[in-house]
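First the structure, in the form of structure tokens, and then the observations on it.
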Amino acid sequence: MNFQELLKDYVNGLGCSQNELSHASGLSVSVISRYLSGERTPTADSAQLLSLVEGLAKLAKEKQMASDEWTTEHMLSEFALILEKKDKQYKHFRDAFSQLLDTFDISIKHLAQALNYDTTFLYRIRSGERRPSDLDAFCNKVASYVATHFTSDSDLPKAAALLLCDVSELSSKIDYEQKLLFYLNESAPIMEPTSNVSSFLTKMDEFDLDEFIEVIHFNDIKIPTTPFQLPVSKYYYGIADMRKAELTFFKTTVLSKSMEPIFMCADMPMVDMAEDMDFNKKWMFGIAASLKKGLQINIIHNLDRPFEELLLGLEAWIPIYMTGLVNPYHLEGYQNHVFHQLNYCSGAAALFGECIDGHHADGRYYLTTIKHDITYYRQKADDLLSHAKPLMDIYTEAKLTAFLQFVSHNVSSIRADRYVISPCLPLYTLPEDILTAFLADTAQDKKKQILDFCEKQKSAVAKLLNNHKIIFDYHVLTKEAFDACPPTISFPERFLPSIQAYDYEQYLRHVQATEALAAQNGNFIFNKVTASTFKNIKITIVSKHYFVVSKYKSPNIHFVIRHAKMLHAMENFYAIKQE
């Protein structure tokens, strides 16, 4: 039985009209009518449901219906039982529907036109502000649309990954639609992008900047001083010429005397450009040469794409981020599936590109070194940045003061629980005599710096634990694992080098001190996990605010990420790890 049927039973049992129920409940006749027709349904915890039930109970009392089934409490529990199940079903649908749109990069405008719905209504369905009156019919229409329009060789692997099946199982439209319906229905599990998150974090954990520099011969890059002759401005047409335009932009920038930052913002299709591996290598060399010259890069990433593609793109930028010379941004709420643009600007050149979606080869690039053109495009870059939000804040040793200010603000102002995945035991539980012994041969000024830092850590954590939880995940090493790779004591927040390894007895004392803090303070939870997740990065999730990835070495660097989609994925990654 659904809400509509149960309400009809009560109304028929009372023999009341819609006007009578409206007067008794305080709800309008039109709302009562929509409830009875199934066009609208209240939520289980809504004021409207309570008003409706109190109206029914009032009428029952007036009509001298003395049975317990006509009490407010009984009727409310009956309705709530049905509606809570419906709410749960709808929450699943909303999450599945949103992920379906992201996976195939579906335009809500195009979907609304195809399904004969108002575009605003679909946006509200996705946000949870509205619900389809007939959820089953809506799911059928969505499933039919996807199974009809997303059947290419590139679409089907995405669908198979989303629907947890093999590509061969999607060979017929009927099978494809049925699997989509099952996915949108509450009985199917929602596939969270945890594997992509895990891959992204693993790349960060394993990345070694020194090795990367050696592999690409970064230190051998020579910045020529020979003047480079370029026409003051030039138009480029077609894919091959557009590749030349991008490479010429970097060449002009690197060979110029200007040290102004480079600005990059583009949502141009990348597939055509990326097909040429020689171009990819030269493009990355252009980036590397710019960094070698010491140029900062401000880049606005295009995040209007499926989540897995977003992470793959960010993975490619990991080596660049590790230099600390890149400031990544994003434009919140930006969606455009018709017009595409590219905007690059440096102190020496500007490059502008444009095309229509699906017609990249018909697009055009304009490269210029004319002074007033560069001034125009530099102002355009500044205007774009004024609308952008940081995708992540990146802290290297050069930004130590700013990072310490961030850490201080984090503890004092952000009221939320913390979830930590760490390859090292917490510094704030290290027994003082062990630390003092380790620092015996350390220079006095550095020794004081370390001791002051440790004391501030303990004080900050004690203050935080007064009101919030710290859930600390750590894999305790066996004697064999310890001997194979003895852990060090690290100070990543101060960008200080790690100090000598413990012996096993000292290590166990540190473990016991951490267990003791958990025993003394119920807000500190020490999770001794069965296996180590990462070796070189610590992850700190500040619930519903941001997460921090701190890399301990090669290089020592911190990434503070607030982007909602990435934070949501990280929180789900942590939650699934605990199951």
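The values are calculated or read from the model by the stated rules, or taken from the named source; none is laboratory data. Everything quoted here is computed from the prediction, not taken from an experiment. Because the Cβ atoms are built from the backbone with ideal geometry, glycine has one as well, and the counts that use them run over all protein chains shown.
Inspection of the stretch 467-476 finds no residue satisfying the criterion of being over 17 Å from residue 420 (Cα atoms), in the same structural domain as residue 427 (by TED's automatic domain parsing) and of a type outside the set (S, T, N, Q).
The sole residue among 401, 436, 396, 375 that is in contact (Cβ under 8 Å) with a residue 24 or more places away in the chain and out of contact with any Lys or Arg (no Cβ under 6 Å at 6 or more places or on another chain) is 396. A single member of 154, 133 is touching a residue at least 40 places away in the same chain (Cβ under 8 Å) and of a type outside the set (Asp, Glu), and it is 133. When the stretch 552-568 is filtered for residues that are within 14 Å of residue 419 (Cα to Cα) and crowded, with 21+ Cβ neighbours inside 10 Å, nothing remains.
Of the residues making up the stretch 46-57, one or more are surrounded by fewer than 15 Cβ atoms within 10 Å (Cβ to Cβ), outside the structural domain of residue 137 (by TED's automatic domain parsing) and under 40 Å from the mean Cα position of the chain (by Cα).
Listed by position, the helices (runs of 4 or more DSSP H) contained in the stretch 1-62 that have at least 2 residues being of a type in the set (Ser, Thr, Tyr) are 18-25, 29-37.
Against the numbered list (1) closer than 30 Å to residue 323 by Cβ; (2) at pLDDT 90 or above, residue 406 comes up short only at (2). Of the residues that make up the stretch 259-270, is at least one in a helix (DSSP H, G or I) and either not acidic (Asp, Glu) or not assigned by TED's automatic domain parsing to the domain that holds residue 326 (or both)? No; the residues of the stretch 259-270 include none that is in a helix (DSSP H, G or I) and either not acidic (Asp, Glu) or not assigned by TED's automatic domain parsing to the domain that holds residue 326 (or both). Has the stretch 484-506 got any residue that is polar (S, T, N, Q), buried (at least 17 other Cβ atoms within 10 Å of the Cβ) and under 18 Å from residue 538 (Cβ atoms)? Within the stretch 484-506 (the criterion being polar (S, T, N, Q), buried (at least 17 other Cβ atoms within 10 Å of the Cβ) and under 18 Å from residue 538 (Cβ atoms)), the answer is yes, since at least one residue qualifies. The residue that is surrounded by the most Cβ atoms within 10 Å (Cβ to Cβ), counting only those in the stretch 73-129 that are part of a loop (DSSP other than H, G, I, E, B) and at pLDDT below 75, is 128.
Looking across the stretch 130-166, the residues that are aliphatic (A, V, I, L, M), part of a helix (DSSP H, G or I) and modelled with pLDDT under 85 come down to 135, 137, 160, 161, 162, 163. For the stretch 393-452, filtering for residues that are of a type in the set (S, T, N, Q) and either surrounded by fewer than 16 Cβ atoms within 10 Å (Cβ to Cβ) or more than 26 Å from residue 541 (Cα to Cα) (or both) leaves 9. Among the residues of the stretch 270-284, those that are of a type outside the set (Val, Ile, Thr) and either modelled with pLDDT under 75 or buried (at least 19 other Cβ atoms within 10 Å of the Cβ) (or both) comprise 270, 272, 273, 274, 275.
Per-residue answers, yes or no, for (1) of a type in the set (A, V, I, L, M, F, W, C); (2) over 27 Å from residue 394 (Cβ atoms); (3) in contact with a helix residue (DSSP H, G or I) (Cβ under 6 Å, 6 or more places away or on another chain):
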{"position": "447", "(1), (2), (3)": "no, yes, no"}
{"position": "451", "(1), (2), (3)": "yes, yes, no"}
{"position": "491", "(1), (2), (3)": "yes, no, no"}
{"position": "515", "(1), (2), (3)": "no, yes, no"}
